[in-house]
Amino acid sequence: MRVVFFEDERATQLAPIALTRPVFELLCGCFSMRERALRSLKPSAWGALVRSELRDVVREEHPRASINDPIGLRDGPTLLVNGRWLFDAESIAQASADNVGVVGDQIAWLRIEPIEAQLLDEDNWVEVIPQIAHSRAAKVEATGVMISYPWDLIAANRTQLTLDFSNHFTADTVAPQHVAILGDQDMVSIDPTAEIDPYVVLDSRTGPIRIEAGARVQSFTRIEGPCFIGSGTKLFRALVREGCSIGPVCRVGGEIEESIIHGYANKYHEGFLGHSYVCPWVNIGAMSTTSDLKNDYSTVTVPLQGTPVDSGSSKVGSFIGDHAKISINSMFNTGSSVGVMAMVLPGGPLLPRFVPSFSVIWFGVLQDAWPLDRSIESARIAMSRRGMELTTAQESLLRHLHDQTAPRRAETVSKAAARVAARERRGRR
């Protein structure tokens, strides 16, 4: 059977970390939702229904998949899977033509027949899929987690790491004798091509640890499970606390706790990162730190796209979009949202909690956009340093997002300028 992942009307709630990718490509545990589902289901073919601005980028990344092609769904039965749902194989095994899997009032999965697929086209599937689901006689309560906001990924990560380890990995390699393992060695899985230096501690007493191919762990690093270290990642004298996923080709040092680093990101130096999600091509300068707990221990409100949303959690760090550049000594407040291609130069005072996409922080003050062409050239250089290329489709998406986010950016910068002017007037009195 064909599997098609779809984005629903709540996908935009996962900004800024989903501005440049479909929600099913976000990392939680050891895999993205798409990777986890394809590993388990092994479908004959797969496809996706995504936001229009993402179509070309997704087609480029997955040339064999059917992207935004509802007509192709008319060839046979198709299993539709919500991209925000953390896939659970046992739940989805119940799918039939007569039911729909739900988490609360949200669709997790839905099997549609060719005659139903005729109702879909590239412009209406967000509205039509719920209509088809509503017509089903039976609703099955789906197990697994529905991700509604970025902090939900952090909250689910520890459990998902343990599930992924038990479902997809075994301790089929023996750690080098010079590596100290605290806890059960069967809870540690190391790819044979990973390099681990002497004086490394792997602590599996709090959960499993998986280290992928080509990873390099430098001396005096401590890793606490549950934890996932992606392929080609290098850890430099790092303290990796419980509940971390560090995707492929990252450079990481300092202290990290309960955080997800999606991949191709640098946090090489000292500084604390906690309860945060960091997107690809982000560079975090030395001694930069994220606060993840308020002094009064109250729940944290996060300004997503500038709109305050109560997370319901007292432990929330920062959510940093693709290609953001963070200078040395940057201090992020609890529950910060940093947009795509934001430029934080230099650090110093506690930063604004909402940094719009393509904006600039200069000595703690929010200002208008860094020149877009200059930012794109920087992205091109950064990607080439890791053997990657900024494609035409990716550049077009960035330019589209620059235009799309312009009104909110202008509004936020204007308010910031007004606050600065008010402070200066008070200072002159």
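The values are calculated or read from the model by the stated rules, or taken from the named source; none is laboratory data. The model shown is predicted, which means the values in this text are computed figures rather than measured ones. When we count neighbours, we look across all protein chains shown, and the Cβ atoms used for this are built from the backbone with ideal geometry, even at glycine.
Before moving on, here are some points about what is shown:
- Those residues of the range 381-394 which are surrounded by 14 or more Cβ atoms within 10 Å (Cβ to Cβ) and free of Cβ contacts under 8 Å to residues at least 40 places away in the same chain, in sequence order: L390
- Just one of the listed residues (T162, T193, T170) is assigned by TED's automatic domain parsing to the domain that holds A238, assigned to a loop (DSSP other than H, G, I, E, B) and within 26 Å of A93 (Cβ to Cβ), namely T170.
- Of all residues in the range 173-190 being assigned to a loop (DSSP other than H, G, I, E, B) and among the polar types (S, T, N, Q), the one that is farthest from the chain's Cα centre (by Cα): Q177
- Which listed residue, of R136, R158, is within 18 Å of P77 (Cα to Cα), basic (K, R) and surrounded by 14 or more Cβ atoms within 10 Å (Cβ to Cβ): R136
- Members of the range 50-76 that are within 22 Å of the chain's Cα centre (by Cα) and among the small types (G, A, S): S52, A65
- Qualifying residue in the range 350-362 (condition: more than 28 Å from Y297 (Cα to Cα), without any contact (Cβ under 8 Å) to a residue 60 or more places away in the chain, among the hydrophobic types (A, V, I, L, M, F, W, C) and surrounded by fewer than 24 Cβ atoms within 10 Å (Cβ to Cβ)): yes
- Residue check, E377 free of Cβ contacts under 8 Å to residues at least 60 places away in the same chain and either in contact with a Leu (Cβ under 7 Å, 6 or more places away or on another chain) or closer than 16 Å to V340 by Cβ (or both): yes
- Odd one out for G144 among (1) at pLDDT below 90; (2) out of contact with any Pro (no Cβ under 6 Å at 6 or more places or on another chain); (3) in the same structural domain as M33 (by TED's automatic domain parsing); (4) surrounded by fewer than 20 Cβ atoms within 10 Å (Cβ to Cβ): (4)
- Within the range 30-81, the residues that satisfy the criterion of being assigned to a strand (DSSP E or B) and in contact (Cβ under 8 Å) with a residue 60 or more places away in the chain are F31, L49, S66, T78, L79, L80, V81.
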